[in-house]
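Everything below concerns the one structure shown next.
The values are calculated or read from the model by the stated rules, or taken from the named source; none is laboratory data. Just so it is clear, the structure is predicted and the values come from calculations on it, not from any experiment. Cβ atoms come from the backbone with ideal geometry, glycine included; neighbour counts cover every protein chain shown.
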Amino acid sequence: MINSYLKEKASLIDQALDERTKEFKHVPEVLVESMRYSLLAGGKRLRPILVLATIEALGKEEEIGIPFACAIEMIHTYSLIHDDLPAMDNDDYRRGRLTNHKVYGDAMAILAGDALLTEAFGLIARGAEKARLPQERIIRILEELVYGAGARGMIGGQVRDILSDDNDQIALSQLEEIHRHKTGDLIACSVRIGAYLGEARSETLQALTRFAYRLGLAFQIQDDILDVIGDQEVIGKPVGSDEEKKKATYPAIIGLDQSKEKLHQLTEEAKQSIQHLPDLQPERLLQIADFLLNRDR
Ligand code: GRG
């Protein structure tokens, strides 16, 4: 059931991203090609799916969320392109294909990332206008995105990560702080934007936020685990790279068994956060949490 839901929503997002990025006028062809090379490379589309599933859980039409969901995926893709650059992780493979800079060169990869980030805000503007969202809600959504993707969120997390480079024995609390921002903030931002679009009550928004941060941390732990025991063909990038780069990860700090235990515990806590709320039908979000617990890519 959940497998077919995720497949269906991922293909809805793929199609929307394709349509929204092929119509750039007066833009150098190679830039559009480079943006679309990474954007349409078949990621899991977790963040946009969370936007749609949250709106649906609040009993509203998911349609309104599509431009916002696409914008978040564009921001996520930009972060992956930049993260793979030689100046950062220096990775050769992502989403089952050569990384952007390996194909288009460092300069074009930087610019394709920049363009994806900037155009995401254009999508938000057009989506908000089309849905005739009240000004107050548009501002809240923009604030969420700037917080989640910016210096206080994802980028701040990445910087914390870089500052801890070559040290795989940092404190667990420091690792959690890195992941809360680097991974958690954009995931929380996806759920919170869905909550705003679905007009969640403030108590429900808080509960969904707790859900998203626990889910985000669980997602990161599973990412770390897959880098140790995953299948390279399925993940679409080499395994064992964290250990090779002496990266601080959950398995490196607390071991594989405890990492798995923590993953289960966080998933359970995430699920408990969103039970029994009067304006939320949480089944789909609960299924997504369970699916992520067992994901292999
Ligand atoms: C702004 C350069 C820059 C970086 C921000 C998000 C980030 C920091 C870097 C991306 C690299 C990374 C491993 C981040 C941790 C979060 C994570 C597990 C990303 C991969 O996301 P998935 O698994 O990827 O959802 P797909 O390809 O499925 O979309």
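Some notes on this structure:
- Looking only at residues of the stretch 32-62 that are more than 10 Å from the ligand (Cβ to nearest atom) and part of a loop (DSSP other than H, G, I, E, B), we find that the one that is nearest to Arg210 (Cα to Cα) is Leu58.
- Within the stretch 20-41, tally of residues that are of a type in the set (Asp, Glu) and either farther than 17 Å from Thr77 by Cβ or surrounded by fewer than 11 Cβ atoms within 10 Å (Cβ to Cβ) (or both): 2
- In summary, Met88 fulfils each of the numbered conditions (1) within 18 Å of the chain's Cα centre (by Cα); (2) within 9 Å of the ligand (Cβ to nearest atom) with the single exception of condition (1).
- Counting the residues of the stretch 205-242 that are in a helix (DSSP H, G or I), in contact with a helix residue (DSSP H, G or I) (Cβ under 7 Å, 6 or more places away or on another chain) and not hydrophobic (A, V, I, L, M, F, W, C) gives 11.
- Residues that are under 24 Å from Thr21 (Cβ atoms), assigned to a helix (DSSP H, G or I), free of Cβ contacts under 8 Å to residues at least 24 places away in the same chain and within 13 Å of the ligand (Cβ to nearest atom) within the stretch 113-171 comprise just one, Ile155.
- Applying the set (1) surrounded by fewer than 20 Cβ atoms within 10 Å (Cβ to Cβ); (2) among the aliphatic types (A, V, I, L, M); (3) out of contact with any Lys or Arg (no Cβ under 7 Å at 6 or more places or on another chain); (4) modelled with pLDDT of 95 or more to Ile225 leaves exactly one unmet item: (3).
- Residue check for Ser259: touching a helix residue (DSSP H, G or I) at 6+ places or on another chain (Cβ under 8 Å), polar (S, T, N, Q), surrounded by 19 or more Cβ atoms within 10 Å (Cβ to Cβ) and within 16 Å of Leu172 (Cβ to Cβ): yes
- Tally, over the stretch 248-297, of residues that are polar (S, T, N, Q) and not in a helix (DSSP H, G or I): 4
- Subset of the stretch 263-297 [more than 16 Å from the ligand (Cβ to nearest atom), without any contact (Cβ under 8 Å) to a residue 60 or more places away in the chain and of a type in the set (A, V, I, L, M)]: Leu286
- So Gly65, is it closer than 27 Å to Leu217 by Cβ and outside any helix (DSSP H, G or I): no
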